[in-house]
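Read-outs throughout are calculated quantities, based only on the coordinates presented, and are distinct from any laboratory measurement. Bear in mind that the values here come from a model prediction, so they are computed numbers and not experimental data. Quick reminder, even Gly has a Cβ in these numbers, built from the backbone with ideal geometry, and neighbours come from all protein chains shown.
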Amino acid sequence: MRRPTPADRPSSGRAPRPRQAPPEQLGFEGMPERLFVCTPSKLGTYVDCPRRYRYAYVDRPAPPKGPPWAHNSLGASVHTALRNWYALPLDRRRPEALAGLLRGTWVREGYRDDEQERAAYRRALGWLEAYVETLEPDVDPLGVERVVAVKTGVLAFNGRADRIDARSGPAGPELVIVDYKTGRSGLDADDARGSQALALYAYAAERVFRLPCRRVELHHLPTGTVAGHDHTVESLARQLGRAEETARDIMAAERAVADGADPDEAFPTEPSPRCGWCDYRRTCPTGSQLPGKEPWAAVERTVESESGEV
Ligand code: SF4
């Protein structure tokens, strides 16, 4: 459903606080319109909460963020270890290498204490050891943390896919977008189907590499499961259309603020359970009324749910 845009709302005339006014749309016939430069995360932030988008991408100086999250540290550590795994020569891609890879780029921020951090490290190492057993040892992906970019009439999209595999399909070589997940809950095919980020990566990869890219997969390391979905040309186009609609809403909101609309109205709050995990909860008038999560809460649940170690 289309979100109401500032153009739909009356302006209160309060002073704007834009980082800078977007370039003016002159509208001369034949002149290209400004493209909205975005990543999946930028689009997703606005869809989740326009106010959070404003704090993260519009207000300058940006409001202070809360402390770092342990689950982000854990996710980043695992992702980096897998990236570096593929940087090893084939004959060194052995499970014994994983401890060194993980330790070498381990991110320490956000954990409750050393004991919790050690438990998370052991758990992450176990995930990685089990995961690499499922990989074909002699096969290199087409891309690892590969940036793909594409322009449409509205978007200049770019994003970094965790992995892009080249596999044999019934009609020849085809690409698969792989996204690693380290959160607690398992994922199913609906998550893969509904992920706008994965769909945009697939759309972009198909154009960058000039090979079909319809399959997207979420690889959930804690459970060793893969949730996949096979897109069609139509379903990718639908996801792209939604992304463009979001981009238009954001540009309308930014333009409204530049024209004098109240930034609080142009980028309204959208309270939800996500507020407890929001980096800007302390700044946000709505979020500051709600209880926040401890930085290590998600990791505590992840580690406890698997082993009861913490
Ligand atoms: S605390 Fe909630 S309402 Fe406020 S910016 Fe964050 S997500 Fe939006």
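Note on segment 31-106: enclosed helices (runs of 4 or more DSSP H) holding 2 or more residues that are among the β-branched types (Val, Ile, Thr) and more than 22 Å from Val144 (Cα to Cα) are 40-48.
Quick test for you: out of Thr232, Thr302, pick the one residue that is closer than 26 Å to Tyr201 by Cα and more than 16 Å from the ligand (Cβ to nearest atom). Let's see the steps before the verdict.
Working: Thr302 fails: closer than 26 Å to Tyr201 by Cα.
Within the list Thr232, Thr302, the selection yields Thr232.
Every listed requirement among (1) under 30 Å from Leu175 (Cα atoms); (2) surrounded by 20 or more Cβ atoms within 10 Å (Cβ to Cβ) is met by Arg248 save one, (2).
Only one of the listed residues (Val303, Val216, Val226) is in contact (Cβ under 8 Å) with a residue 60 or more places away in the chain and β-branched (Val, Ile, Thr). That residue is Val303. Look at segment 234-247: where a residue is among the hydroxyl-bearing types (Ser, Thr, Tyr) and a partner is surrounded by 15 or more Cβ atoms within 10 Å (Cβ to Cβ) and not in a helix (DSSP H, G or I), sitting 6+ places away or on another chain with Cβ atoms under 9 Å, you get Ser235/Arg214; Ser235/His229; Thr246/Arg3; Thr246/Phe36; Thr246/Cys38.
Quick check, is Ala124 touching a Ser or Thr at 6+ places or on another chain (Cβ under 8 Å), assigned to a helix (DSSP H, G or I) and of a type outside the set (Asp, Glu)?
Working: touching a Ser or Thr at 6+ places or on another chain (Cβ under 8 Å): yes; assigned to a helix (DSSP H, G or I): yes; of a type outside the set (Asp, Glu): yes.
When the stated conditions are applied, Ala124 passes them.
Here Glu265 passes the criteria (1) among the charged types (D, E, K, R); (2) within 16 Å of the ligand (Cβ to nearest atom); (3) within 30 Å of His220 (Cα to Cα) except the one numbered (3).
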